[in-house]
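Okay, structure first, notes after.
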Amino acid sequence: MRRTEARELFMQLMFQMEVQNDYSQEIKERFLSEHMQESNQQEYFNRLFTAAVDHLSAIDEKLESCSDNWKTSRMAKVDLAILRLSAAEILYLDDVPDSASINEAVDMAKKFSGDDSGKFINGILGKVVRSKDAE
C-alpha cells in the first residue's frame, strides 16, 4: 500500500470518528483490522492518528484561525476530515513535506468532495503553513 492510499483510509476514519463523535483507540483498531491488516503503512497511520487525535482541539483552532469566517462545525465533514489529516501532518509530523501534504489533501478533495473543495482546502492549508513558519 502506498502512503496516498493510507491517507485516503485515514481521511475515511477521521470522517467516521467525526460523524460518530468517537475518537477512541478502539475505533482505530477496528478500522485497522477491517482495512489495513496487510498494509506496510500501519506505522505512518498510527503516528497520524496519534498526532490528529491528541491535538484535535489545537488543530481545529488553527484551522478556524486560518479560514475566513468558517468554523469547523460549518465545514463539510469530508473537507474537515481532509483538513485535519493534513494539518496534523504539517504541524506534528516533521518527516512529511508540507507541500506533499497539501498536494495530497487537494487531490483527496477533488476525488471525495465538492467542486470548490480543492481551492478551499488549498487556501486554508497554505495559511496553516505560513502561520507555522512565522512561529
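Relative to its residue count, the chain spans a Cα convex hull of 100 Å³ per residue. Taking packing as the residue-averaged number of other Cβ atoms within 10 angstrom, the listed peptides 18-26, 118-126 run from highest to lowest as 118-126, 18-26. Return a whole-number percent for the relative contact order of the chain, with Cα pairs under 8 Å and 6 or more residues apart as the contact set. For the chain, the relative contact order is 26 percent. In a reduced charge model with +1 at each Lys and Arg Cβ and -1 at each Asp and Glu Cβ, the chain shows a dipole moment near 300 debye about its Cα centre. Segment LYS127..GLU5, full-extension length gain: 41.4 nm, with 0.36 nm per residue of separation and the alpha-carbon distance subtracted.
Counting only alpha carbon atoms, the long axis of helix 3-20 and the longest principal axis of the chain meet at about 80°. A protection proxy built from the mean count of other Cβ atoms within 10 Å ranks the segments 77-86, 53-62, most packed first, as 77-86, 53-62.
Only the coordinates and a few stated rules stand behind these numbers; no lab work does. What you are looking at is a predicted structure, and each value in this text was computed from that prediction instead of being measured. With ideal geometry, Cβ positions are generated from the backbone for all residues, glycine too; neighbour counts draw on all protein chains shown.
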